[in-house]
């Protein structure tokens with residue numbers, strides 16, 4: 001009965017919101033609830049499917065954190081290592097203060113960001129002077145922040161930071177000898193069985209991949225190919241499916257990717273963001289009634305909205321992937337309303 005309620009609630013929300021994307025919700029002991037709505041390609045009227053690949057923007061910072069923690073487990077890196085002692089300090093002339101791997105993982109390093117959400121609103125304006133099609137490797141992002149002054153003292157506060165995750169990706173590359181994307185695909189995606197996931201270039205997308213759409217006020221649309229970097233990396237931009245995202249949570253929680261101690265550390269609320277929200281390593285953590293209500297990741301870009309969460313009390317895991325700039329959050333709220341109704345009953 002509760003499964004049917006969840007399915008009906010998701011369908012109702014998708015239809016009311018005009019949702020374009022895919023979702024999958026799975027609870028311990030219950031059959032999964034899934035659905036797909038809208039078009040992967042509007043011009044050709046190709047429908048989204050359950051196994052359609054979607055961009056997830058910053059939702060894949062968790063992949064970066066897992067990669068870094070794997071290197072820590074292997075003894076190649078320490079969480080308190082000084083980042084500039086490993087990377088070439090000469091590449092970052094204004095980074096005069098020492099900051100650690102832990103501080104990068106928790107957005108508390110104080111380094112400048114190439115897109116500071118506290119002072120910038122339009123992500124697309126970044127590409128006026130630096131075309132997005134030039135950004136294919138992690139080092140291509142470095143000139144966008146290398147000459148900026150430190151934003152704050154390391155450890156002073158939480159300040160969401162994409163550039164910090166670029167540096168973490170560069171650490172992965174230097175210590176593993178692999179490109180960042182090859183490392184993640186080999187040591188995270190492959191280990192979890194995520195066969196449909198990857199860091200695909202916008203100008204070479206594989207089949208069954210949704211275009212991202214920016215919907216204008218008059219309901220006309222454009223794709224996002226000129227609005228985001230041509231290829232994702234350590235701070236965001238991977239493509240995945242709803243089933244693959246649940247495999248990621250399963251792999252993490254069942255210790256296929258990290259040992260129990262490191263997994264627990266990754267999921268620890270290391271730093272307070274606001275209200276009941278905290279940040280671990282690459283993952284948001286929401287507390288309620290003194291315990292963890294959910295571990296969650298999210299991503300927003302022009303033409304992309306994404307939410308995925310694991311709710312430990314109920315054993316529920318959900319993934320909502322949307323190929324428009326808004327839509328995923330409303331669908332995840334429908335999941336949580338159903339969870340709340342279960343708890344109250």
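The values are calculated or read from the model by the stated rules, or taken from the named source; none is laboratory data. The structure displayed is predicted, hence computed values, not measured ones. A quick note on method: Cβ atoms are made from the backbone with ideal geometry, for glycine too, and the neighbour counts reach across all protein chains shown.
Conditions tested, residue by residue: (1) over 25 Å from the mean Cα position of the chain (by Cα); (2) part of a helix (DSSP H, G or I); (3) closer than 22 Å to residue 222 by Cα; (4) touching a residue at least 24 places away in the same chain (Cβ under 8 Å).
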{"position": "3", "(1), (2), (3), (4)": "yes, yes, no, yes"}
{"position": "10", "(1), (2), (3), (4)": "no, yes, no, yes"}
{"position": "14", "(1), (2), (3), (4)": "no, yes, yes, yes"}
{"position": "24", "(1), (2), (3), (4)": "no, no, no, yes"}
{"position": "30", "(1), (2), (3), (4)": "yes, no, no, yes"}
{"position": "35", "(1), (2), (3), (4)": "no, no, no, yes"}
{"position": "40", "(1), (2), (3), (4)": "no, no, yes, yes"}
{"position": "43", "(1), (2), (3), (4)": "yes, no, yes, no"}
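Being in contact with a strand residue (DSSP E or B) (Cβ under 8 Å, 6 or more places away or on another chain) and farther than 24 Å from residue 303 by Cβ is the requirement here; does residue 31 meet it?
Taking the combined requirement at face value, the residue does not satisfy it.
Could you check how many residues of region 47-59 are part of a helix (DSSP H, G or I) and either surrounded by 24 or more Cβ atoms within 10 Å (Cβ to Cβ) or at pLDDT below 95 (or both)?
Adding up the residues that qualify gives 2.
Out of everything in region 281-301 that is outside any strand (DSSP E or B) and modelled with pLDDT of 95 or more, what residue ends up being farthest from residue 66 (Cα to Cα)? So that I can check it myself, show each step before the final result.
Going through region 281-301, the residues outside any strand (DSSP E or B) turn out to be 281-283, 289-290.
Subsequent filtering for residues that are modelled with pLDDT of 95 or more retains 281-283.
Values: 281: 8, 282: 8, 283: 10 Å.
By that ranking, first place goes to 283.
Within region 107-128, does at least one residue satisfy the condition of being surrounded by fewer than 13 Cβ atoms within 10 Å (Cβ to Cβ), at pLDDT below 90 and not in a loop (DSSP other than H, G, I, E, B)?
yes
Take the residues in region 60-104 that are assigned to a helix (DSSP H, G or I) and over 22 Å from residue 280 (Cβ atoms), then tell me which one is nearest to the chain's Cα centre (by Cα).
By that ranking, first place goes to 84.
Between 210, 201, which is surrounded by fewer than 16 Cβ atoms within 10 Å (Cβ to Cβ), within 19 Å of the chain's Cα centre (by Cα) and either touching a residue at least 60 places away in the same chain (Cβ under 8 Å) or under 19 Å from residue 43 (Cβ atoms) (or both)? Write out each step before concluding.
Working: 210 fails: surrounded by fewer than 16 Cβ atoms within 10 Å (Cβ to Cβ).
Only one candidate qualifies: 201.
Among the residues of region 213-229, what is the count of those that are outside any strand (DSSP E or B) and either within 16 Å of residue 327 (Cβ to Cβ) or more than 20 Å from the chain's Cα centre (by Cα) (or both)?
7
Taking only region 308-333 into account, find how many residues are over 17 Å from residue 287 (Cα atoms) and either in contact with a strand residue (DSSP E or B) (Cβ under 8 Å, 6 or more places away or on another chain) or modelled with pLDDT under 95 (or both).
Of the residues in region 308-333, 13 are over 17 Å from residue 287 (Cα atoms) and either in contact with a strand residue (DSSP E or B) (Cβ under 8 Å, 6 or more places away or on another chain) or modelled with pLDDT under 95 (or both).
Scan region 311-338 and report the pairs whose first residue is touching a residue at least 60 places away in the same chain (Cβ under 8 Å) and on the phi > 0 side of the Ramachandran plot and whose second residue is surrounded by 22 or more Cβ atoms within 10 Å (Cβ to Cβ) and part of a helix (DSSP H, G or I), with Cβ atoms within less than 9 Å and a gap of 6+ or a chain change.
Sorted first by the residue in region 311-338, then by its partner, the pairs are 327/14.
Go through region 164-196 and give me each residue that's out of contact with any helix residue (DSSP H, G or I) (no Cβ under 8 Å at 6 or more places or on another chain) and either over 30 Å from residue 208 (Cα atoms) or in a loop (DSSP other than H, G, I, E, B) (or both).
Residues satisfying the conditions are 174, 177.
Can you tell me which residue is farthest from the chain's Cα centre (by Cα) among those in region 232-257 that are in a loop (DSSP other than H, G, I, E, B) and buried (at least 20 other Cβ atoms within 10 Å of the Cβ)?
Per the stated criteria, the residue is 257.
Inside region 258-275, can you point out the residues that are assigned to a helix (DSSP H, G or I) and more than 18 Å from the chain's Cα centre (by Cα)?
Of the residues in region 258-275, the ones assigned to a helix (DSSP H, G or I) are 260-266.
Result: 260, 261, 262, 264, 265.
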